[in-house]
1. Across segment 44-93, what is the number of residues that are outside any helix (DSSP H, G or I), of a type in the set (S, T, N, Q) and within 18 Å of Leu173 (Cα to Cα)?
2. Which of the residues spanning segment 188-209 are assigned to a strand (DSSP E or B) and over 16 Å from Arg178 (Cβ atoms)?
3. Name every residue in segment 64-78 that is under 23 Å from Val116 (Cβ atoms), crowded, with 19+ Cβ neighbours inside 10 Å and more than 13 Å from the chain's Cα centre (by Cα), in order of residue number.
4. Against the condition within 16 Å of the ligand (Cβ to nearest atom) and either on the phi > 0 side of the Ramachandran plot or part of a helix (DSSP H, G or I) (or both), how does Ile233 come out, does it pass?
5. Given the options Gly121, Gly146, Gly130, Gly134, name the one that is of a type outside the set (A, V, I, L, M) and in contact with an Asp or Glu (Cβ under 9 Å, 6 or more places away or on another chain).
6. Look through Ala123, Ala115 and report the one residue that is part of a loop (DSSP other than H, G, I, E, B), within 30 Å of Asp28 (Cβ to Cβ) and either more than 13 Å from the ligand (Cβ to nearest atom) or touching a strand residue (DSSP E or B) at 6+ places or on another chain (Cβ under 7 Å) (or both).
7. How many residues does segment 251-287 hold that are within 20 Å of Ala220 (Cβ to Cβ) and in contact (Cβ under 8 Å) with a residue 24 or more places away in the chain?
Amino acid sequence: MQRKAGGLSLHEGLIQGESQVQTLRQLDPLRSAVSALKSDGPLALVPTMGALHEGHLTLVREAKRRAAHVAVSIFVNPRQFGANEDLATYPRQLAADQALLEAEGVSLIWAPDAAVMYPAGYATTVAVDGVSDGLCSSARPSHFDGVATVVCKLFNQVRPDIALFGEKDWQQLAVIRRMARDLDLLEPRAEAIVGVATVREADGLARSSRNAYLGPADRANAAALPRLMQAAIAEIRAGSAFSAALTKLQTALLAAGFSSIDYAEVRAAETLTPLSQLGGAPARLLVAARIGGTRLIDNMAV
Ligand code: PAF
């Protein structure tokens, strides 16, 4: 769809190349385009770091079901990568992403570069207490400050009616929901932050841009992660103590080819408070484990 949002056509801040979907890189044209789209109906935002796969496209399709227009942001956010993480090598493929999003009927791609997102002198960090603690932040200490900061900025830049995130990053979803409630970021509707179920490969492995880092043997072994998590959940449901089921899960992951386990925990699904037994709040099993130098995460309802 070619839309001249806010009277914009070719513009300094607009890259159009082969693609029909408008790709904007500057705030002023973004604001004009968003105003035009929002005058036509609700706008959904799908924040991404690009390297789009079926998991992202599932978010886009769900966004299309819920809103008149869909905006997708593509920004590899330096503030959520640790010093020794894969920022430099994180896959960047804007042309391929544009083609995928155009085929999905997305109205707008917001692809600022780091100097637009964090101009010289930038000094503000959003930190969400409680839900950001432990789990992924143990190995990645400032990761959720980086996520909360950029998502807060994306909400303010795009001003969507709703925003969609994958449940695969469960802690991230909990952090963003808490932040949106605390800072009154989107309309105060319970469904403004939409969590979408994890998309899985045929063997059960959760889709992730980082799966591309796995060699064939590690990729085959990685399917043990969801399989062994399901086995642990079955044991817990059958009455096993959490500690026994989680120790068995970790031993089995190491035997299946994983080199280390960052965490394997059962927590309250919304607040992420640690749990030691079932009952009361819905519970979630969350695991991060490393295989062949790649860190994989997954989570499931208990
Ligand atoms: O889940 C992601 O891809 C990123 O953490 C997000 C939400 C786009 C923020 O950079």
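The values are calculated or read from the model by the stated rules, or taken from the named source; none is laboratory data. The shown structure was predicted, so the numbers you read here are calculated from the model rather than taken from an experiment. Neighbour counts run over all protein chains shown; Cβ positions are idealised from the backbone, glycine included.
1. Final tally of qualifying residues: 3.
2. The first filter runs over segment 188-209 and keeps only residues assigned to a strand (DSSP E or B), leaving 193-196, 200, 206.
The answer is Val196, Arg200, Ala206.
3. Residues satisfying the conditions are His69, Val70, Ala71.
4. no
5. Numbers: Gly121 fails: in contact with an Asp or Glu (Cβ under 9 Å, 6 or more places away or on another chain); Gly146 fails: in contact with an Asp or Glu (Cβ under 9 Å, 6 or more places away or on another chain); Gly130 fails: in contact with an Asp or Glu (Cβ under 9 Å, 6 or more places away or on another chain).
Gly134 is the lone residue from the list that is of a type outside the set (A, V, I, L, M) and in contact with an Asp or Glu (Cβ under 9 Å, 6 or more places away or on another chain).
6. Ala123
7. Qualifying residue count for the region: 9.
Conditions tested, residue by residue: (1) out of contact with any Cys (no Cβ under 6 Å at 6 or more places or on another chain); (2) within 16 Å of Met300 (Cβ to Cβ); (3) surrounded by fewer than 17 Cβ atoms within 10 Å (Cβ to Cβ).
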residue	(1), (2), (3)
Glu201	yes, yes, yes
Ser208	yes, yes, no
Arg219	yes, no, no
Ala222	yes, yes, no
Ile236	yes, yes, no
Ser243	yes, no, yes
Ala255	yes, no, yes
Ser260	yes, no, yes
Tyr263	yes, yes, no
